[in-house]
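None of the figures in this text is laboratory data; all of them are computed from the coordinates on show. As the structure is a computational prediction, the values presented were derived from the model and not from experiment. Neighbour counts are summed over all protein chains in view; Cβ atoms, including those assigned to glycine, are modelled from backbone coordinates with ideal geometry.
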Amino acid sequence: MEYYSRRLAIRQMLLFTIGGSALLNSYAGKEKSTVIYQSPLQERLVRAGTISPAADGIFVGAPKIRSEFTNDQFCCHEITIPPKFAGPPPHSHRDLDEIMFVIEGTVSVMVGDNVTDVHAGDYHLRPHGIVHTFWNSGDMPVRFIDMYPNQDFISYFEDKIRIENELKSLGLEIDSPEGEKMNNDLDNKFGLEFFYDLFPPLIEKYGLKIYEG
């Protein structure tokens, strides 16, 4: 596919959260069981339509519950995907399990060789160690919560922004040797492996668009 490149795939992982949200958001040390709490959880309200940015103000998409709110036990963010748009390139996580709860629409989720349509009101678990991705092949936007019970994966997306900002300050592109190394180091830190060759066939088969911002 002429329009496809590894650079687009790298940016897709980040931009599907930015693009979807920007387009459519108008729409005390105590052991309990096997979990050790370093400090008590504190009450926190995240109101509808609001986000929870990082301490430095960086955010991607619509982060809701941050890991620092929960003693690194859990975090989640809200994702919106426009009609006929792809999600991230196919990838696997070394450690991270993901739980999806669909609020509106239907999300198509690929896990291994299996594709499942996850409808509004449904939950779906994507186990670590298996290649997966998701997309919206329908005619209506989809909105869902992605939950991360065992890794601060929200920070992954935000670190992508920080890397991009640093590269820009140096006058470098994301696909420069420096950019490639920084992104590869980040992927390794979070135990993330991409399978870029699987992306173009999915785009073609389901007639999907990708973010090219």
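Residues of the range 198-213 being of a type outside the set (Phe, Trp, Tyr) and closer than 13 Å to Pro88 by Cα, which ones? Please lay out each step first, then the result.
Here is the first cut: in the range 198-213, the ones of a type outside the set (Phe, Trp, Tyr) are 198, 200-205, 207-210, 212-213.
Of everything in the range 198-213, those that are of a type outside the set (Phe, Trp, Tyr) and closer than 13 Å to Pro88 by Cα turn out to be Leu198, Pro200, Leu202, Ile203, Leu208, Lys209, Ile210, Glu212.
In the range 164-213, which residues are surrounded by 11 or more Cβ atoms within 10 Å (Cβ to Cβ) and among the hydroxyl-bearing types (Ser, Thr, Tyr)?
Those that are surrounded by 11 or more Cβ atoms within 10 Å (Cβ to Cβ) and among the hydroxyl-bearing types (Ser, Thr, Tyr): Ser176, Tyr196, Tyr206, Tyr211.
The conditions are (1) in contact with a Phe, Trp or Tyr (Cβ under 7 Å, 6 or more places away or on another chain); (2) within 19 Å of Pro63 (Cβ to Cβ), and Phe157 fails exactly one of them. Which is it?
(1)
Could you check, for the range 155-168, whether at least one of its residues is over 25 Å from His77 (Cα atoms) and either in contact with a helix residue (DSSP H, G or I) (Cβ under 7 Å, 6 or more places away or on another chain) or not in a strand (DSSP E or B) (or both)?
Step one: list which residues in the range 155-168 are over 25 Å from His77 (Cα atoms), which gives 167-168.
Add one more test, that the residue is either in contact with a helix residue (DSSP H, G or I) (Cβ under 7 Å, 6 or more places away or on another chain) or not in a strand (DSSP E or B) (or both), and what stays is 167-168.
Yes - at least one qualifying residue is present in the range 155-168.
Just checking, how many residues over the range 63-75 are farther than 10 Å from Val46 by Cβ and out of contact with any Cys (no Cβ under 6 Å at 6 or more places or on another chain)? Outline the logic, then answer.
Taking the range 63-75 and keeping what is farther than 10 Å from Val46 by Cβ, we get 67-68, 70-75.
If we keep only those that are out of contact with any Cys (no Cβ under 6 Å at 6 or more places or on another chain) too, we end up with 68, 70-75.
Of the residues in the range 63-75, 7 are farther than 10 Å from Val46 by Cβ and out of contact with any Cys (no Cβ under 6 Å at 6 or more places or on another chain).
Cβ-Cβ below 6 Å, separation at least six or inter-chain, first residue in the range 186-197 and farther than 11 Å from Pro89 by Cα, second in a loop (DSSP other than H, G, I, E, B): which pairs?
Taking only residues 6 or more apart or on different chains, the pairs are Gly191/Arg94; Gly191/Asp95.
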